[in-house]
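Worksheet: one structure, shown below.
Nothing in this text is a laboratory measurement; each read-out follows from the coordinates by a stated rule. Since we're looking at a predicted model, the values are computed, not measured. Ideal geometry is used to build each Cβ from the backbone, glycine not excepted, and the neighbour counts take in all protein chains shown.
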C-alpha cells in the first residue's frame, strides 16, 4: 500500500501490537452492537455513541461522527451493518485528514542556516516528557543526526539525573547545571554548546507544569525568549506531550499551553496501555496542531511518527 | 477545583428556573445537560447514565414540594446522589502493625513517588510517626534518586539498594531494617505499571504477598479519562487495594474519576494531592467535594486550614494592641506572613462559597505580598513601631531601599491604616454583626440555598 510511506513492515507490526488492546475492545464492542441487526438504526447509533465516548473521543467529536453517519443513512436510505465498519473508518479517517498534517519523512530534520533544529518539550506533570526525549534522541541518533540534550527540568526531584541516564543510554551529550538552576540559563547554555559542536538537533526538557498555573506557564515564554537570542527562530518546534490515558482535560491542556507558548506539535504517550487511543481522534479533530509522535511501549524504540492513515488502518484492519 | 462541573450544573439548573414543578419534560432537558456535564468531566459513561436515572426517579417522586424551586430541589437531589456516589463516610488510613506498612501502586506518571514523599511528611508531622520510605522502583531512570532527594528535603529516612534488582527482596529487607531501627511506618514506593502488563502486575502482587501491608493505595491521576475505571478494576482484582489516592487535583475543572472509581471498585478515596509542595496533601471528604461541585464552597476545609496556622497566643497579644490602638507595622508584617502561610491565596478564596466561580479567571500571584514585605522591611525598627513618624523624607528613603517608588509606599501606608481601622471595628462584637449584615447584602454574595 502506497500510503505506508517510510513505514517498514516491522514498524507496522509494532504499531499493530501496541494498539491491539484498542482494536480488540473497539471491535468486540462494535460486534456486540450489531448482534441481531441487519441495518443501522437509532439503537445502533446510540450504542455507537457509547463506544466512542467510552473511548475518550469526546462528546463533540462523537456527535460529529454520529451526525455524519446519520446523514449517510438518510442519503443512502439504508445502511447495512456490514457496511458500518467501512463507513466508520472513512469518517474517522476524514476527521483526521482534515487536520493540517506536517509532511514528515522519518526523523529527518529541517535546516536552519547551519544552526541546529531546536525542540522544546513541554507538558503537565507525569505525561512522559523525559522518556519521550530519551526515545526521540535515540531515533535521531539512529538517523545519523548529532543530538544534544538540555536538562531544563531543574525542579522535580532527580529529573536531571533521569535525563543524564537517558543521555548515557543513548550515547548523546547533555548540558546541565544541576537541580535548582535557572531553566532559561540551562537552555541558553545547551543551545550555545550545540552550536559550537555543530549539532543537528537540540532537545530541551522542561519541568512538568499544570496548565492553570499562570506563573509557571509564563516561565515557558522566558525560556523561549532566551533561546531566540542564541539561535534566531528557536525553538523551531515546541512539542506538547499529552498522556494518552488523559480524558477531556487533554483538550484544555492543549489550549492553555498554546496560549502560553507557540505549540506546533503534539506527542501522545502511553498509547499501548489505554484501551482507547480515541483521544487522538478527538484532538486531531479539534486542535489545529498536528499530532507528530506517538509512544506505544516502554522500549527505547517504541516511539513513532504519527501517520494518520497508518493509525486508522491499525484500528480497522 | 471542579469549577467547570459546577458551572455546567449551574447552567443546567438554569433551564429549570421559571418552572413551578418538576415534570417529565423539564427534568429530561436538565438531565441531558447534567449527563453531558458529567461526560465532559470524564465521568464514566455508565456511571453518568446511572446517576441521571437515579436523579430522575428521585426528582419525579418529589415534585409535590411547593416551598422550594425545582432548581433547588434538583440541586439537593444531585448533591445527595453525588455524596453517595463518592463514597459516603470518610475512611482513615490503616497503620496497624509494627511497623505499619503502606504499599503504593499505580500507572506511570500518576504521581506515586511525589505522593510517597507527601504521605511520609503527613504521617511524620501530623501523626508523629517515625517514617521510612522504601525505593522499589528499580526500572525508571533516577526513580530511586528522586525518593532520596524528597527524603532529604523532608528529613525522612529512605531505604534503597541499587545493587538489588528484585523489588520483593528490597521491600522485605526494608521491613527488617525498619523493625530493628524502630520505625513505626514503612511506605513502599513501586514502579509505575500498566494494568495489561501481566509480568509487572504479578510482580506487585508478589511484593504485596511478601510484606503483607496494612494499607495498599492505588494512585490515580485525576485527569484520567474513561479508562480510569478499567485500570482501577484491573489493579483491584490483582492486589485488592484498600484505598485510592487522587493526584493533581490542583489542575482544573475535571475529576470525573473521583465520581466513578468508588462506584466501580467499591473502595474509598482516601487522599488527594493538590500541589507540588510537600504539604499539598488533603484527606478526601466526599461530602465536601460534593459541596464543591455544586458551588457551595468548602467552608469546613477553609476553617481547618485557618485553625492550623492560627496561633492563639499571638492573636491575644494582637487583640490587646488593637484595642489600645498600638497596631504597628511589625504586626502588619506578621499578619501578611500569617496569610502567606495559609497557602496560595487563590486556593483559599476558592473555598469560600460563591467565590469559586468568580475566582476562575483571576490569578493571584504567590508573591503578591513581596513588594509589601520589601517596603516594610526597608523601614527602621523605630519606624515600624511608630508609623506616625514616617514623613515624606523617610518615605523617599524607604522607596529607594525597597526598590519601589513613593506611590507604592503611600499605597501601603493607606492599606495599613485601613487594616488598622477594620481590625478595630472587628474587635467590637457589635460592629462585627453590622459587617456581617453588610456582607449578606452584597450583590452575588451568598448562594441562595
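Tabulated values for the structure
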{"quantity": "Distance in nm between pseudo-label sites at residue A:111 and residue B:153 (7 Å out along the Cβ direction from Cα)", "calculated": "4.5 nm"}
{"quantity": "FRET efficiency for residue A:179 and residue A:229, using Cβ-Cβ distance with R0 set to 22 Å, rounded to 0.05", "calculated": "0.35"}
{"quantity": "Gap separating the Cα centres of the range B:405-423 and the range B:156-205, nearest whole Å", "calculated": "55 Å"}
{"quantity": "Fully extended contour minus Cα-Cα distance, from residue A:288 to residue A:218, at 0.36 nm per residue", "calculated": "23.0 nm"}
{"quantity": "Approximate spin-label separation residue B:60-residue B:163, in nm, with each point projected 7 Å along Cα-to-Cβ", "calculated": "7.1 nm"}
{"quantity": "Stretchable slack from residue B:28 to residue B:176, in nm (0.36 nm times residue separation minus alpha-carbon distance)", "calculated": "47.3 nm"}
{"quantity": "Euclidean distance between Cα centres, the range B:377-394 to the range A:204-260, Å", "calculated": "45 Å"}
